[in-house]
Amino acid sequence: MLKIAVQKSGRLYEDSLQLLKECGLSIDNGMDQLKAEVRNFPAEIYFLRNSDVPQYLEDGVVDLAIIGENVLMEKQSAVTILEKLGFSKCRLSLALPKHLPYLGITQLNGKKIATSYPHLLRSYLESKGVSADIHLISGSVEIAPNIGLADAICDLVSSGSTLFKNGLEEKDIILRSEACLAVNNQSINIKNEWIDELRFRIRSVLQARGHKYILFNIPNEKIEIASSILPVLKSPTVLPLLENGWSSLHSVIHVHDFWNVIKKLKEIGAQGILVIPVENMVI
Ligand code: PRT
């Protein structure tokens with residue numbers, strides 16, 4: 001039985017459950033439940049505080065966790081990251097009041113920096129040869145310069161709007177982070193069969209999210225040029241239409257190429273272009 005930790009509530013909660021559900025796990029979770037059974041996979045889901053997850057994972061109370069890389073790195077957790085999951089992307093950054101000119105990291109020598117990430121900040125400053133006074137606070141870090149508690153802050157940033165609202169400006173990125181699937185180092189050997197199965201499903205779901213299935217009709221003499229436009233996994237499927245001289249081409253394309261490909265296909269006379277989301281993709 002796999003024990004999987006996800007955040008109880010907060011930024012990671014919905015995306016984590018959505019991912020597990022797309023992996024086919026049928027989770028019996030009700031309001032305020034701390035543990036939920038999975039009906040069709042040998043797993044239990046534990047709903048935990050984000051900050052508690054690294055310890056539970058390291059101690060083997062849970063085998064796997066969906067957690068931000070930033071938390072694991074700050075706590076220097078002895079666990080292994082198996083997959084990056086592509087959501088809850090953020091950066092751990094240094095920010096200063098907007099009006100102050102920033103000439104480089106050495107400017108922070110002897111200054112007071114407020115943060116909830118003392119370990120990552122200290123390592124970064126040491127690597128740059130900077131000695132600053134690290135002031136640990138657990139929340140609302142952005143307010144610190146305004147109330148005279150610190151000269152600068154080091155905190156997570158995603159849209160940047162909290163910094164903006166507090167008159168701060170991001171000056172230096174210490175770390176980029178996203179949600180990941182992490183495993184306890186003992187479980188990886190003992191429960192590898194089911195861990196591998198879950199990883200396989202997660203990869204298929206993540207691959208599929210980046211792709212779309214496209215089909216369109218094209219005159220036969222344009223099949224070759226249409227194929228060359230499609231950045232396909234293999235060669236496209238070609239099916240004859242009932243109407244003489246026309247075929248239907250089917251393929252899978254990356255979302256990044258999407259509008260570019262559609263534009264080029266229209267230019268060469270493709271008709272009836274349909275684009276369909278891909279649910280899973282096994283390569
Ligand atoms: O309460 P619990 O212990 O469960 O956790 P928590 O309070 O640490 O959780 P939560 O939900 O705030 O964050 C969970 C995880 O989401 C973090 O560990 C990161 O991996 C990830 N994440 C992604 C973020 C952000 N983006 C983020 N922007 N976590 C926090 N923020 C905060 C940041 O601290 C700052 O106050 O949002 C503010 C800035 O956001 P923007 O959009 O204005 O830049």
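The values are calculated or read from the model by the stated rules, or taken from the named source; none is laboratory data. All values derive from a computational prediction rather than experimental measurement. Ideal geometry is used to build each Cβ from the backbone, glycine not excepted, and the neighbour counts take in all protein chains shown. Keep in mind that these areas ignore ligands, DNA and RNA; they rest on the heavy atoms of the full protein, side chains included. Shrake-Rupley method; radii C 1.70, N 1.55, O 1.52, S 1.80 Å.
Remarks
- Rounded to 0.05, the FRET efficiency of the residue 31 and residue 55 pair, given R0 = 25 Å and the Cβ-Cβ distance, is 0.45.
- Candidate cross-link partners of residue 111 among the lysines, defined by an alpha-carbon separation under 19 Å and a same-chain spacing of 8 or more, comprise 98, 128, 171.
- Springs between Cα atoms under 10 Å define the GNM used for the chain, and in it the highest mean-square fluctuation of 206, 92, 241 occurs at 241.
- Between residue 80 and residue 176, the simple spin-label model (points 7 angstrom out along Cα→Cβ) gives 2.5 nm.
- 5 angstrom amide H check on residue 166, placed H, neighbours 5+ away: none
- Förster radius 22 Å - calculated FRET efficiency between residue 246 and residue 273 (Cβ-Cβ, nearest 0.05): 0.95
- Volume in Å³ per residue [convex hull over Cα atoms, computed for the chain]: 190
- Per residue, in Å², the accessible surface of the chain once ligands and nucleic acids are set aside, probe 1.4 Å: 54
- Most mobile of 56, 124, 46 in a GNM of the chain (Cα contacts under 10 Å): 124
- Three-way shape label, segment 90-177, alpha-carbon gyration tensor, a/c 1.5: rounded
- Residues residue 140 and residue 186, FRET efficiency given R0 of 30 Å [Cβ-Cβ distance, rounded to 0.05]: 0.20
- Cα centroid of segment 157-226 to Cα centroid of segment 46-86, whole Å: 18
- To put it simply, the accessible area of the chain at a 1.4 Å probe is 50 percent carbon and sulfur.
- Pair residue 266, residue 39: separation of 7 Å Cα→Cβ label points (nm): 4.4
- Only helical runs count toward this figure. For the chain, summing -39,500 (n - 2.57) over DSSP H runs of n ≥ 4 and dividing by all residues gives -7500 deg cm²/dmol at 222 nm.
- Gaussian network model of the chain, springs between alpha carbon atoms under 10 Å - residue of 225, 174, 202 with greatest fluctuation: 225
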